[in-house]
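The block underneath contains the structure these notes are about, expressed in structure tokens.
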Amino acid sequence: MEHRTLPPTTVDILHECPRFRVLVVGKSGVGKSSLINYAFGVNKANVSHEEHGVSDINTEITSPQNSLFVLHDSQGFEPGETANFEKVEEFLQSRGASVPLKERVHAVWLCVQVPFAGGRVFETGDERFFDLIARTGVPVVVVFTQLDQLLNRMEEYLTDEEMEMPEEEINQLCSERANAEFQKLCVGPLERIDHTLRYAVTSGLGQDSKSPDQPALRKLIEITQDLVSHDVQGIVWVVSAMAQRASARAKIDASIEVGMKRYWQGLAASVNFSNLTLERCTATIHLDITESWNFNDPDDLLNGQYFRDQLKILAQLVVPELSSLTSWFAELDQIQTLIGVGAAIAAAAAPAFAVIGLSAMFINWIAAIYQRTPGVLRFLMGYIVDLTLVMDQLFILVPMKPPRRVTREHIDMALESYKNADAAVVHREIRKYATQASFAQICQSNKAQDKVLEIIKQHCAD
């Protein structure tokens with residue numbers, strides 16, 4: 001009988017650090033708003049300046065479409081100007097290690113436009129800013145924006161002879177020349193200031209862009225996460241991964257990190273789940289994973305009954321022993337295919353899944369108290385892997401263009417994609433793991449979570 005609560009791990013994490021706090025520095029027109037909107041999947045974070053000097057660095061800029069990040073905006077540093085630099089210095093000192101983790105600046109993005117028409121990339125104020133950052137110890141990424149403008153310039157300089165080349169060769173030539181120019185104009189000057197500074201480069205993030213440079217955005221997220229990965233207990237790293245909406249890999253890593261802090265550990269013999277129903281255990285695991293992915297889901301579809309039931313329909317397939325299949329499922333031939341007993345797994349999976357619902361036996365089984373049995377282990381492993389990989393598919397299917405709102409159609413498409421591609425193979429691997437040795441040996445080794453991680457990384461799309 002249940003007698004205690006099972007709080008999601010994300011509640012504790014977000015209590016200590018509810019939002020990833022970023023200071024964005026850069027002149028008007030360099031693309032700060034577009035960068036933030038694509039990185040965090042919103043279309044309301046307007047950080048541009050209508051006129052010089054109107055921004056207040058202490059103002060918290062948030063968006064109702066993503067509650068896990070907060071911005072502070074500062075204009076760039078004009079030649080000979082000191083007032084703004086002093087404001088930034090005071091702000092960083094007030095948001096340093098002396099204040100609680102949730103109040104600190106966790107990362108700085110210095111946005112600098114690639115000088116596609118010539119000119120100096122860094123002003124004297126930027127160089128002073130790097131010295132300030134070194135003193136305060138705040139992680140900083142230099143973000144070179146609008147590389148596509150430089151690429152367009154290379155196209156303008158093509159000779160008549162080069163214009164006659166095949167389109168693929170023209171694109172390759174322009175890309176090589178743009179990269180060489182970028183190294184000379186941007187990377188060289190940055191390394192002369194400080195060769196340890198990290199940088200990212202973005203393009204195609206304008207308001208009308210239909211295909212933003214996703215690899216560049218993922219690289220920016222990767223660099224930022226690497227720089228904030230050394231905080232106490234990895235809290236900021238997890239929150240930064242939850243907040244961003246540009247990298248599925250970072251979402252998977254965050255989900256794993258959250259799970260491994262508590263409920264994924266020792267799945268076969270968990271003390272966390274004792275005296276609780278499997279329904280309650282599953283509900284907490286589900287919430288931890290969906291919260292880690294932090295989709296723009298104002299209708300709470302991912303925590304609604306429909307989506308939960310769809311995941312149960314999937315995960316129930318690994319519960320019964322093979323000898324008990326006939327008592328659990330009427331559609332025996334289809335079930336054999338989905339658990340890996342059938343021969344042509346991939347080809348038969350789609351029609352087989354279409355006829356499967358929640359088994360009456362499973363509904364009664366999941367209402368029972370957690371026990372240390374092979375069926376329970378298989379179910380928890382299956383639920384974690386199935387949900388994580390469906391979320392991975394969902395990330396791909398929700399359009400990159402902000403605000404990246406989840407719909408029921410997206411959910412159905414993600415479920416269908418996973419069922420057709422990986423579900424049957426994943427279930428077979430889970431069954432194989434749980435039967436290759438005695439259950440006592442599995443409990444003793446306490447490595448079921450390692451197998452979960454192996455399967456997720458083997459089948460994730462990124």
Env charge @ Gln449, Cβ radius under 13 Å, K,R +1 / D,E -1, value +2
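Arranged by the count of other C-beta atoms within 10 angstrom, fewest first, what order do Arg404, Arg177 take? Each step should come with its number before you reach the end.
On the way: Arg404 23, Arg177 17.
Ranking Arg404, Arg177 by Cβ neighbours within 10 Å, fewest first, gives Arg177, Arg404.
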Treating only Lys and Arg (+1) and Asp and Glu (-1) as charged, each at its beta carbon, one finds that the stretch 349-456 has a dipole about its Cα centre, in Debye to the nearest 20, of 160
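Based on the alpha-carbon gyration tensor of the stretch 248-459 and its eigenvalue square roots a ≥ b ≥ c, which shape applies: rounded if a/c is under 1.5, prolate if not and a/b is larger than b/c, or oblate?
On the way: a/c = 1.56, a/b = 1.19, b/c = 1.31.
It is oblate, given that a/c is not under 1.5 and a/b is not larger than b/c.
Can you bin the stretch 9-243 into rounded, prolate or oblate? Criterion: square roots of the alpha carbon gyration tensor eigenvalues sorted a ≥ b ≥ c, rounded for a/c under 1.5, prolate for a/b above b/c, oblate for the rest. Each step should come with its number before you reach the end.
Numbers: a/c = 1.96, a/b = 1.57, b/c = 1.25.
In terms of gyration-tensor shape, prolate.
Below 10 angstrom from the Cβ of Ala315, what's the summed charge of the other residues (Lys, Arg +1; Asp, Glu -1)?
On the way: positive: Lys312, Arg378; negative: Asp386.
Overall, the nearby charge balance is +1.
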Taking Thr136, Thr159, Thr388, Thr373 and counting other C-beta atoms within 10 Å, the order from fewest to most: Thr159, Thr373, Thr136, Thr388
The Kirkwood hydrodynamic radius of the chain, taken as the inverse of the mean 1/r over all distinct Cα pairs, in Å, comes to 24.4
First select every other residue whose beta carbon is under 9 angstrom from the beta carbon of Glu103; then total the charges, Lys and Arg +1, Asp and Glu -1. +4
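When His195, His106 are ordered from fewest to most other Cβ atoms inside 10 Å of their Cβ, what list results?
On the way: His195 7, His106 27.
In increasing order of surrounding Cβ atoms, one gets His195, His106.
Length gain on complete extension for the stretch Asp462 to Val425, per 0.36 nm per residue less the alpha carbon to alpha carbon distance?
Details: separation 37, 0.36 × 37 = 13.32 nm, distance 1.80 nm.
That works out to 11.5 nm of additional length.
Bear in mind that the values in this text are calculations on the coordinates, not laboratory data. The structure displayed is predicted, hence computed values, not measured ones. Using ideal geometry, Cβ is built from the backbone for each residue, glycine included, and neighbour counts are taken over all protein chains shown.
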